[in-house]
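In what follows, a structure is listed as structure tokens, so that the remarks can point back to it.
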Amino acid sequence: MSDNTGKSAFITGITGQDGSYLAELLLQKGYTVHGLVRRSSSFTTGRIDHIYSDPHVDGTRLLLHYGDLTDGQSLTNLVLETEPDEIYNLGAQSHVRVSFDQPVYTMQATGAGALNVLEAARILQRKKEVRVYQASSSEMYGEVMETPQTERTPFSPQSPYACAKVYAFHQTVNYRKSYGLFAVNGILFNHESPRRGETFVTRKITRAAARIKLGLQDRLYLGNLDARRDWGFAGDYVEGMWRMLQHSSPEDFVLATGRTETVRRFVELVFGLLDLDIERYVGIDTRYFRPAEVDLLLGDASKARAELGWEAKTDLESLARMMVEHDLELARKEAALAG
């Protein structure tokens, strides 16, 4: 791995879970980081605000720019203005269940948005070399053709979100082959953290369990408890993203733990840490079932281990504990305000 002092990166989705961990990592490595932020009437930078007060990180190297993945011209203007060495496209409408309710917007932001990033990089490449990371997803495997899933497993998407990600995946490969762009797909299996959005199932579980423990909530309602997922820690996975762009050649990689568990098992882990009875507090609501379910995801990251030296470091039990401790503290603050 080369010296990164003086390098710069452009991150779409910087205010999300992955974007915030990636920004921290790159700043620690000496990068200047530019982040794309959508304009809204409320502040959305909560996940990265702490960076500016971190004495170990020079906050002047974190620069935010207003823009939108669906506005290709303004995105290209920003990329040409900032001239990054690396672009990480993490921005998307990333909630699978919501994608069934907003399929057109999901395609615009997640699919066409990725194409806008690639086109901006192609134009920048006329001036300087740039490397592009596209956030692909294990959801692309959908109704899986084989287990575990590798870089060679065929896609069979089961949601508008997954379809949009498949489109973005193939456009990334197309720009790599057609224009010689150093563009890679990271096919990441589920990765969670205390910064995960509260509508995603793992965070919904840990947030609710902590609130139930402190008497702030009565019950938790979930959908399919038998769905199996390969869950890792987002902080580990952003290291893999970075390593893909340092690799000698542009290739696609799966990042996964190689372990699959049911949603029910994650609930058991979380509620067990808080000595709560699942039967008493957890119910099923059919509204949370997907129209087309993805039953089993299990990734094989052997290529990433062999070629990038990457592997998941955080097991599911440690991840659950990390998230519970965070959300218990959050619930205590909530209880204090309520009292």
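The values are calculated or read from the model by the stated rules, or taken from the named source; none is laboratory data. Everything quoted here is computed from the prediction, not taken from an experiment. Here the Cβ is made from the backbone with ideal geometry for all residues, glycine too, and neighbour counts use every protein chain on show. Just the protein is used for accessible areas: all its heavy atoms, side chains included, with ligands, DNA and RNA removed. Shrake-Rupley method; radii C 1.70, N 1.55, O 1.52, S 1.80 Å.
Tell me, what is the per residue accessible area of the chain in Å², probe radius 1.4 Å?
Result: 43 Å² per residue.
Let me cross-check D49: its accessible surface, 1.4 Å probe, with only protein heavy atoms counted, in Å² to the nearest 10?
Here the accessible area works out near 80 Å².
Which angle from 0 to 90°, rounded to the nearest 10, does the C-alpha axis of helix 17-28 make with the longest principal axis of the chain?
With both axes taken from Cα atoms, the answer is about 50 degrees.
First compute the accessible area of the stretch 6-139 with a 1.4 Å probe, then give the percent of it belonging to carbon and sulfur atoms.
C and S fraction of accessible area: 50 percent.
Separation of the stretch 70-105 and the stretch 117-170 by C-alpha centroid, Å?
That distance is 13 Å.
Taking the alpha-carbon set of the chain, what are its Rg and Dmax in Å?
That works out to 19.8, 62 Å for Rg and Dmax.
Measure nothing fancy, just the Cα-based angle from helix 263-273's long axis to the longest principal axis of the chain, in degrees from 0 to 90, nearest 10.
60
In whole Å, what are the Cα extents of the stretch 204-289 along the three principal axes, biggest one first?
For the stretch 204-289, the Cα spread along each principal axis is 54, 26, 21 Å.
Show D252, D71 ordered by accessible area, largest first, where the area counts protein heavy atoms only and the probe is 1.4 Å.
D71, D252
Distance in nm between label sites at R287 and D71, each 7 Å beyond Cα in the beta-carbon direction?
Spacing of the two 7 Å Cα→Cβ label points: 3.4 nm.
Put a dot 7 Å past each Cα toward the Cβ at K29 and L80; how far apart are the dots in nm?
2.8
Working out 0.36 nm times the residue gap between T199 and Q102, then minus their Cα-Cα distance, what length gain in nm do you get to one decimal?
Separation in residues times 0.36 nm, less the Cα-Cα distance, equals 33.4 nm.
What percent antiparallel are the DSSP beta bridges of the chain, to the nearest 5?
Details: 2 of 37 bridges.
Antiparallel: roughly 5 percent of the beta bridges in the chain.
Whole number please: convex hull volume per residue, Cα atoms of the stretch 82-170, in Å³.
Per residue, the Cα convex hull of the stretch 82-170 comes to 95 Å³.
7 Å from Cα along Cα→Cβ at both I278 and R259: what's the point-to-point distance in nm?
So the two model labels end up 1.6 nm from each other.
At a 1.4 Å probe, what is the % contribution of carbon and sulfur to the accessible area of the stretch 210-339?
45
A 28 angstrom limit on the alpha carbon distance is what I want to check against. Which of K29/K303; K127/K177; K204/K333; K165/K333 exceed it?
In this structure, K165/K333 exceed 28 Å between Cα atoms.
Per q in 0.16 Å⁻¹, report the Debye log10 I(q)/I(0) for the stretch 110-234, using one uniform scatterer on each alpha carbon and no solvent.
-0.88
Quote the charge dipole size of the stretch 86-218 about the Cα centre in Debye, to the nearest 20; the model charges only the Cβ of Lys and Arg (+1) and of Asp and Glu (-1).
440
If one takes the longest principal axis of the Cα atoms in the chain, at what angle in degrees, from 0 to 90 and to the nearest 10, does the Cα axis of helix 234-246 lie?
Roughly 20 degrees between the two axes.
Which of the listed residues, F200, I212, Y237, is farthest toward the dipole's positive end in the stretch 185-339, when Lys, Arg count +1 and Asp, Glu count -1 at the beta-carbon?
The one lying farthest along the dipole's positive direction is I212.
What 222 nm value per residue comes from the helices of the chain, counting each DSSP H run with n ≥ 4 as -39,500 (n - 2.57) and dividing by all residues, nearest 500 deg cm²/dmol? Can you show the working numbers first?
Details: 12 runs with 136 residues, N = 339.
Calculated from helices alone, the mean residue ellipticity at 222 nm is -12500 deg cm²/dmol.
So for V130, V104, what's the accessible-area order with a 1.4 Å probe, most first? The partial results should precede the final answer.
On the way: V130 0, V104 100 Å².
These residues rank, largest area first, as V104, V130.
Tell me, how many Å apart are the Cα centres for the stretch 8-36 and for the stretch 271-290?
Measuring centre to centre over Cα atoms gives 35 Å.
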